[in-house]
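Some notes on the structure that comes next.
The values are calculated or read from the model by the stated rules, or taken from the named source; none is laboratory data. Because the structure is a prediction, the values reported are computed rather than measured. Here Cβ is always computed from backbone atoms with ideal geometry, including for glycine, and neighbour counts include all displayed protein chains. SASA here: full protein model, heavy atoms, side chains in, ligands and nucleic acids out. Shrake-Rupley method; radii C 1.70, N 1.55, O 1.52, S 1.80 Å.
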Amino acid sequence: MFGFRNRKKYNGSVDIKLNNEYQIPTSDNPGFPGTLAYLELIDKAWDGKMSEDEGALYIATLYYCGLRKHGLHSEADALYSRIQSIVSFGLPNGLISHERWDKFSGAIERANHEAGEG
């Protein structure tokens, strides 16, 4: 039961970070994955032993890539600005690992390139 409580806290923390820090509405947002897909993303973050901050960044990165893919560039630009701000605090303070950021920033670069912006 202790593990379940930790997992429930993890899910809630990731969701709060996405909504508040990244300003990504995770419910009633037609552009955001449905509940089951969203829970699968949180599962991947949990199974990958990502911190709550890394899990939120992982999902925000995927959302960013989707925005670019669907041509929602102004929304993507606004989200990227928030991502940069969060990473500029999270990296030096050990909340986000350099290894994870390298992977996530690579995905962002690929999305920009595929959208003809990189």
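Scoring Met1 on the criteria (1) open to solvent by 40 Å² or more (accessible area, probe 1.4 Å); (2) more than 19 Å from Ala115 (Cβ to Cβ); (3) hydrophobic (A, V, I, L, M, F, W, C); (4) modelled with pLDDT of 95 or more leaves a single failure, condition (4). Close contacts from the range 76-99, counting a first residue that is open to solvent by 60 Å² or more (accessible area, probe 1.4 Å) and a second that is part of a helix (DSSP H, G or I) and not hydrophobic (A, V, I, L, M, F, W, C), with Cβ to Cβ under 7 Å and a gap of 6+ residues or different chains, come to Tyr80/Tyr64; Leu95/Asp53. Taken over the range 90-102, the criterion of being within 14 Å of Ala56 (Cα to Cα) and outside any loop (DSSP other than H, G, I, E, B) is satisfied by Gly90, Arg100, Trp101. Asn112 meets all of the listed conditions (1) without any contact (Cβ under 8 Å) to a residue 40 or more places away in the chain; (2) open to solvent by 20 Å² or more (accessible area, probe 1.4 Å) but one, namely (1).
Which members of the range 17-75 meet the condition of being in a helix (DSSP H, G or I), more than 20 Å from Ser105 (Cβ to Cβ), open to solvent by 30 Å² or more (accessible area, probe 1.4 Å) and not small (Gly, Ala, Ser)? Explain how you work it out, then say what you get.
Of all residues in the range 17-75, those in a helix (DSSP H, G or I) come to 17-21, 35-47, 52-69, 73-75.
After this cut, where a residue has to be more than 20 Å from Ser105 (Cβ to Cβ) as well, the list is 19-20, 35-40, 42-43, 46-47, 74.
After this cut, where a residue has to be open to solvent by 30 Å² or more (accessible area, probe 1.4 Å) as well, the list is 19-20, 35-37, 39-40, 43, 46-47, 74.
Of everything in the range 17-75, those that are in a helix (DSSP H, G or I), more than 20 Å from Ser105 (Cβ to Cβ), open to solvent by 30 Å² or more (accessible area, probe 1.4 Å) and not small (Gly, Ala, Ser) turn out to be Asn19, Asn20, Thr35, Leu36, Leu39, Glu40, Asp43, Trp46, Asp47.
Ser13: within 22 Å of Ala111 (Cα to Cα), open to solvent by less than 80 Å² (accessible area, probe 1.4 Å) and assigned to a helix (DSSP H, G or I), yes or no? Can you show your working first?
Working: within 22 Å of Ala111 (Cα to Cα): no; open to solvent by less than 80 Å² (accessible area, probe 1.4 Å): yes; assigned to a helix (DSSP H, G or I): yes.
When the stated conditions are applied, Ser13 does not pass them.
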